[in-house]
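Colleague: One structure, pasted below without further comment.
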Amino acid sequence: MYQKIQHYILELIRTSGLQSGDRIPTEKELMKQFNVSKITVVKALSGLADEHIIDRVPGKGSFVGNGNQNKGSTTADTSSESNSVLKPSQSKLIGLVIPSILDYFAIRLINGVKTTLDEHGYRVMILLSEGDIEKEKEALKTLHAFGAEGILIFPVDEEHYNDEILNMKFTGYPFVLMDRFLPGVETDYIAADGKLGAQLAVDYLWELGHREIAICSDSPIQTVTVQERIEGYITALKNKGAMINPAHIITDFHIQSLKDAECHPLFRYMRNRMATAYITLNGRLGVQMYQLAGRAGLKVPGDLSIISFDEPTSVVDDFSIFTHIKQFEYEIGSKAAATMLEVIRSGGDKWERSYSKILLQPELVPGQTTGIPPA
């Protein structure tokens with residue numbers, strides 16, 4: 001089907017006399033016309049873009065390109081821009097795109113990537129997406145232009161796929177996803193088992209005597225990662241024969257600052273002691289809720305307990321303060337880098353090779369933020 005779409009576009013350019021810069025049908029129009037998925041359309045357009053038949057402009061659409069418009073041509077691009085980029089086999093460079101480096105999770109992840117690449121004589125170039133999908137797209141393009149042999153990606157939380165990642169898959173450009181994956185798209189993927197992590201947290205709190213256990217996420221949307229952890233939370237409670245209280249699944253909120261903490265719904269929820277224990281889906285949120293508890297006059301763990309995914313207060317395990325779900329970020333980074341090098345060196349057929357999906361087993365590490373519930 002993707003070849004049919006390519007043939008249609010080539011015929012459209014030829015018979016309609018389209019010139020360089022003229023717009024061609026949009027992805028949605030092609031999906032409707034050929035009754036195919038977005039993945040098929042993206043594959044077709046990516047192939048034409050690789051041959052310089054069309055140019056794809058993020059957010060605007062696809063246009064007739066300036067280059068050779070004979071499908072299948074093997075004419076080399078001799079422009080100065082093309083010649084200035086290192087050939088992938090010569091670069092010994094791996095790209096890393098990550099939302100931020102504001103927490104220990106990112107620091108440990110990067111350290112794992114860098115250590116493994118150093119051992120094999122590779123360099124790493126790190127670009128930040130800042131949680132913005134358009135910046136993520138630009139980062140991927142920049143690393144590709146710099147001649148990176150492959151890219152390690154910690155994807156942005158978004159409802160929709162990043163088209164650039166799909167393009168990389170269909171063109172066979174090596175990449176490995178970390179922590180998150182794209183549902184329905186076969187890729188190399190490495191993360192900790194979030195569902196199991198949430199189950200470990202519920203089991204631990206239940207053994208301490210807690211029955212009103214809330215789970216909290218400040219992600220603006222229900223990402224795959226968030227969904228998996230909430231699923232693990234629900235499964236653990238069902239296994240214990242407990243009723244699922246929807247009010248204890250607290251999502252879609254954001255804590256800007258503690259200056260106006262008393263006005264935040266979560267502050268009132270905690271102050272009214274709606275739950276005796278909280279599981280936070282990231283370390284930063286764990287710290288914020290610890291601070292909110294203090295503002296509400298509550299003691300941790302005397303009045304309430306907190307378990308966070310990731311340890312937010314110490315880069316050294318022996319000095320951990322929070323009870324947390326350890327996700328082995330260093331190992332995720334190291335295994336992602338090793339997988340990337342294996343993909344590059346194998347040179348296998350992008351359509352034939354099998355993709356690796358590695359889920360590391362998380363561990364619960366007891367700390368100073370959990371205890372028995374108040375009487």
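Colleague: Give me the distance in nm between label points sitting 7 Å out from Cα along the Cα-to-Cβ direction at Lys259 and Ala242, one decimal.
Modeller: Rounded to a tenth, the inter-label distance reads 3.7 nm.
Colleague: Return the long-range amide H neighbours of Tyr278 (sequence gap of 5 or more, or a different chain), with a cut-off of under 5 Å between placed amide H atoms.
Modeller: Those qualifying (amide H under 5 Å, at least 5 residues apart or on another chain) are Ala214, Ser305, Ile306, Ile307.
Colleague: Something else: Which of Gly21, Gly131, Gly112 moves the most in a Gaussian network model of the chain with Cα springs under 10 Å?
Modeller: Result: Gly21 has the largest fluctuation of those listed.
Colleague: Considering only the other residues whose Cβ falls under 12 Å of the Cβ of Asp303, what net charge follows from Lys and Arg at +1 and Asp and Glu at -1?
Modeller: Computed value for this residue: +3.
Colleague: Using a 1.4 Å probe on the protein chains only, how many percent of the accessible area of the chain belongs to carbon and sulfur?
Modeller: On the way: 9530 of 18480 Å².
So the carbon and sulfur contribution to the accessible surface is 52 percent.
Colleague: Which ³J(HN,Hα) values, rounded to whole Hz and listed in residue order, are derived for the range 227-235 from phi using the Karplus coefficients 6.51, -1.76 and 1.60 in 6.51 cos²θ - 1.76 cosθ + 1.60 with θ = phi - 60°, glycine and proline given as x?
Modeller: 4, 4, 5, 5, 4, x, 4, 5, 4
Colleague: Also: Of the candidates Val202, Val176, Val41, which one comes out as most mobile in a Gaussian network treatment of the chain with C-alpha springs shorter than 10 Å?
Modeller: Looking only at Val202, Val176, Val41, the biggest GNM fluctuation is shown by Val41.
Colleague: A further question on this structure: Report, largest value first, the span of the C-alpha coordinates of the range 255-299 along each principal axis, in whole Å.
Modeller: Largest to smallest, the principal-axis extents are 24, 22, 17 Å.
Colleague: Keeping every protein chain in place, order Glu134, Glu27, Glu11 by accessible area at 1.4 Å, biggest value first, i.e. largest first.
Modeller: Glu134, Glu11, Glu27
Colleague: In units of 2.2 N^0.38 Å, what is the alpha-carbon radius of gyration of the range 275-325?
Modeller: Computed over Cα atoms of the range 275-325, the ratio equals 1.07.
Colleague: Search the structure for amide H atoms under 5 Å from the amide H of Met125, placed 1.01 Å from N in the peptide plane, and list their residues when 5 or more places away or on another chain.
Modeller: So Met125 has HN proximity to Ile94, Gly95, Leu96.
Colleague: Quick one: Karplus J couplings for the range 100-109, per residue in order, coefficients 6.51, -1.76, 1.60, θ = phi - 60°, nearest Hz, x for Gly and Pro?
Modeller: 7, 10, 8, 9, 5, 4, 5, 4, 5, 4
Colleague: How many percent of Cα pairs in the range 1-52 exceed 17 Å?
Modeller: Above the 17 Å cut-off, the range 1-52 has 29 percent of its Cα pairs.
Colleague: Mind ranking 30-40, 205-215, 142-152 by how tightly packed they are, going by the mean number of other C-beta atoms within 10 angstrom, highest first?
Modeller: Averaged packing, sorted descending, gives the order 142-152, 205-215, 30-40.
Colleague: Please give the net charge around Glu262, taking every other residue with its beta carbon less than 15 angstrom from that of Glu262, where Lys and Arg add +1 and Asp and Glu add -1. Each step should come with its number before you reach the end.
Modeller: Details: positive: Lys259, Arg268, Arg271, Arg295; negative: Asp260.
Charge balance near Glu262 sits at +3.
Colleague: Go through Met289, Met274 and list them by solvent-accessible area, largest first, probe radius 1.4 Å.
Modeller: Working: Met289 0, Met274 95 Å².
Sorted descending by solvent-accessible area, the residues read Met274, Met289.
Colleague: A follow-up question, please. Just to confirm the filter: which trypsin sites (Lys or Arg not before Pro) across the range 247-329 are DSSP coil and have at most 15 other Cβ within 10 angstrom of their Cβ?
Modeller: Lys259, Arg273, Lys299
Colleague: Around Tyr104, under 9 Å between beta carbons, what's the net of Lys plus Arg minus Asp minus Glu among the other residues? Numbers along the way, then the final one.
Modeller: On the way: positive: Arg108; negative: Asp103, Asp310, Glu311, Glu329.
So the environment of Tyr104 carries a net charge of -3.
Colleague: With label points built 7 Å along Cα→Cβ from the Cα atoms of Ile321 and His120, find their separation and express it in nm.
Modeller: Reported label-point gap for Ile321 and His120 is 3.8 nm.
Colleague: Straight-line reach from Lys299: which lysines have a Cα under 20 Å away, not including same-chain ones fewer than 8 places off?
Modeller: Leaving aside lysines fewer than 8 places away in the same chain, those within reach of Lys299 are Lys259.
The values are calculated or read from the model by the stated rules, or taken from the named source; none is laboratory data. Just so you know, these numbers come straight off a predicted model, no measurement behind them. When we count neighbours, we look across all protein chains shown, and the Cβ atoms used for this are built from the backbone with ideal geometry, even at glycine. Please note that ligands, DNA and RNA were not included when accessible areas were found on the heavy atoms of the full protein model with its side chains. Shrake-Rupley method; radii C 1.70, N 1.55, O 1.52, S 1.80 Å.
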